[in-house]
Amino acid sequence: MADALIEEHDRSDPEPLRSHVRADVCIVGGGFTGLWTAIELKTRDPRIDVTLIEAGLCGCGASGTNAGMLMNLWPKLPSLVSAGGKDEAVDVARASVEAIEHIRRFCAEHGIDAQIQSNGWLWASNNSSQDGAWRDTLAMAADYSDNPFIELDEEEATRLAGAPARGGVLDPTCVGLHPARLARGLMRNAESLGVHVHEHTPMTGLRREHAATTVTTTFGSVRAGSVVLAINAWCNQFPELRSHLVTTASDNLVVRPRHPLKNGPLANVSDSGRLLDYWRPLSNGDLLFGKAGLGLGWGVRGTSTLFRAAPRPERLLAQMARTVPDLRGAELLSSWRAPVEYSLSSLPFFGEITGFPGVYFGTGYSGDGIGPSVIGAQILAGLATRSTDGMTTSFLTRAPSGRGLPPEPFRYLGGQLVKTAMLRRDRKQDQEARIDRPTSLIARIDPTSFLG
């Protein structure tokens, strides 16, 4: 975000909403989902009056603070099939590939310099426990000639990863990009279409009255026929959604090698661990490294408390040096922790808030939201305008089935126990060492076991 905002030095400081206004649709949240929804609404019908409010700056949440891997949903094909059946699952997977192309075209057509790198995504194995982690997905995808997967041997996977890899799968349709530059570019485009954008305007309440909903803010309000809550991880404020979400966090850092790398990473890379490592080259020669699942949120305030500086960057640097040895001794430029909402199905879901007719939500991107947010925006724009076209009737408009996660304090305490066991298991697996039985048993507990 700091990098993206440098180029806005001539932009006046945004003013919060300080009046009571009306709109056809009020969107809460200025990240990818909210901004794409606003653009989708105005593209469908320029006459729709859209007001978007954002608690901070557009893109300052997970949209502007992720690793910048623009991916499709083909790697989640087993989850897609489980949730929606084969035909709908493949439709969604194909739509997620088209979403990548949509973002490419949109940036080119509207002059958004998102620093897009067409270098694909590598799903790699870092140790023997990760070997063949993609086997079931590839077997299921083999029925479709347009699946994007290319299986690689150890030599080629190592070359693309810039690190020791035992094998992998390449998806050449995926790209790397600068997420905050994309978010800020979307905001400017939304404004050019006539969307009323108010930053520094947090929602303080929802009030249903006379066939409309009033969104109250610190200094004003928006009364609208439809409201879209594009707040992602912050959806855990609603009990009906919180039971389907695990609020965790990923730690990220950007480093600069002290010497030119002989064999640096050539692709966006993720390993196959449960709390995965991921890394990618940036357009200026720096590199990003991150690890998922290091933080865990408590209750409804968990999301906000997880959004901060990485608490132990030295541990992350050590993990980076073990995973990508050529980066040992690299200069640390920045580090941060960002919240991630994982749904029990690992898939995003959308719908209407119970008790608030006309108030719609989107959440559950599970760490892969840049591309799928385009699909989410199409769904939310359809719901907000009472349309039944596209995917507004798909399985993505149903919450994950099952009994949901337990309440606090059991969720937090149990989650900490499982997370610690998973980290200990990961370290042992990286060392190809024996894992003690208690660690193995606890680490097997998976939030998806709460699905029906």
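For region 29-82, a residue qualifies if it is free of Cβ contacts under 8 Å to residues at least 60 places away in the same chain and under 22 Å from residue 93 (Cβ atoms), and exactly one does: 81.
Taking region 139-179 as the range and being outside any loop (DSSP other than H, G, I, E, B), open to solvent by 30 Å² or more (accessible area, probe 1.4 Å) and small (Gly, Ala, Ser) as the test, only 139 passes. Is it true that residue 103 is under 18 Å from residue 70 (Cβ atoms), in contact (Cβ under 8 Å) with a residue 40 or more places away in the chain, open to solvent by less than 20 Å² (accessible area, probe 1.4 Å) and in contact with a strand residue (DSSP E or B) (Cβ under 7 Å, 6 or more places away or on another chain)? It is true that residue 103 is under 18 Å from residue 70 (Cβ atoms), in contact (Cβ under 8 Å) with a residue 40 or more places away in the chain, open to solvent by less than 20 Å² (accessible area, probe 1.4 Å) and in contact with a strand residue (DSSP E or B) (Cβ under 7 Å, 6 or more places away or on another chain). Looking only at region 320-335, residues that are farther than 15 Å from residue 285 by Cα and either among the acidic types (Asp, Glu) or open to solvent by less than 20 Å² (accessible area, probe 1.4 Å) (or both) come to 4 in all. Scanning region 236-253 for residues that are more than 22 Å from residue 423 (Cα to Cα) and either part of a helix (DSSP H, G or I) or open to solvent by less than 20 Å² (accessible area, probe 1.4 Å) (or both) yields 236, 237, 239, 240, 241, 242.
Tell me which residues, restricted to region 281-305, are among the charged types (D, E, K, R) and modelled with pLDDT of 75 or more. Answer for region 281-305, where residues must be among the charged types (D, E, K, R) and modelled with pLDDT of 75 or more: 286, 291. Annotation: of all residues in region 259-311 being of a type in the set (Asp, Glu) and touching a Ser or Thr at 6+ places or on another chain (Cβ under 8 Å), the one that is nearest to residue 422 (Cα to Cα) is 277.
The residues of region 267-282 that are out of contact with any strand residue (DSSP E or B) (no Cβ under 7 Å at 6 or more places or on another chain) and open to solvent by 40 Å² or more (accessible area, probe 1.4 Å) amount to a single one, 274. Put simply, of 364, 371, 358 the only residue that is within 28 Å of residue 49 (Cβ to Cβ) and open to solvent by less than 30 Å² (accessible area, probe 1.4 Å) is 358. Could you go through region 59-69 and let me know if any residue there is under 24 Å from residue 386 (Cβ atoms), open to solvent by 40 Å² or more (accessible area, probe 1.4 Å) and either in contact with a Gly (Cβ under 9 Å, 6 or more places away or on another chain) or assigned to a helix (DSSP H, G or I) (or both). The answer is no, given that none of the residues of region 59-69 is under 24 Å from residue 386 (Cβ atoms), open to solvent by 40 Å² or more (accessible area, probe 1.4 Å) and either in contact with a Gly (Cβ under 9 Å, 6 or more places away or on another chain) or assigned to a helix (DSSP H, G or I) (or both). Per the conditions (1) modelled with pLDDT under 95; (2) within 23 Å of residue 174 (Cβ to Cβ), the sole criterion not satisfied by residue 247 is (2). Candidates in region 189-209 are the residues that are outside any loop (DSSP other than H, G, I, E, B) and in contact (Cβ under 8 Å) with a residue 24 or more places away in the chain; of these, the one that is least open to solvent (accessible area, probe 1.4 Å) is 190.
A single member of 124, 139, 108, 114 is among the aliphatic types (A, V, I, L, M) and more than 24 Å from residue 179 (Cα to Cα), and it is 139. Can you tell me which of 30, 34 is within 19 Å of the chain's Cα centre (by Cα) and assigned to a loop (DSSP other than H, G, I, E, B)? Just one listed residue meets the conditions, 30.
Screening region 374-406 for residues that are surrounded by 24 or more Cβ atoms within 10 Å (Cβ to Cβ) and among the small types (Gly, Ala, Ser) and picking the one that is nearest to residue 88 (Cα to Cα) gives 376. Looking across region 292-312, the residues that are open to solvent by less than 20 Å² (accessible area, probe 1.4 Å), within 14 Å of residue 66 (Cα to Cα) and outside any helix (DSSP H, G or I) come down to 292, 293, 310.
The values are calculated or read from the model by the stated rules, or taken from the named source; none is laboratory data. Remember, predicted model here, so these are calculated numbers, not experimental data. Reconstructed Cβ throughout: ideal geometry from the backbone, glycine too, with neighbour counts over all protein chains shown. Ligands, DNA and RNA are stripped out before the accessible areas are found, and what is left, the full protein with its side chains, is counted by its heavy atoms. Shrake-Rupley method; radii C 1.70, N 1.55, O 1.52, S 1.80 Å.
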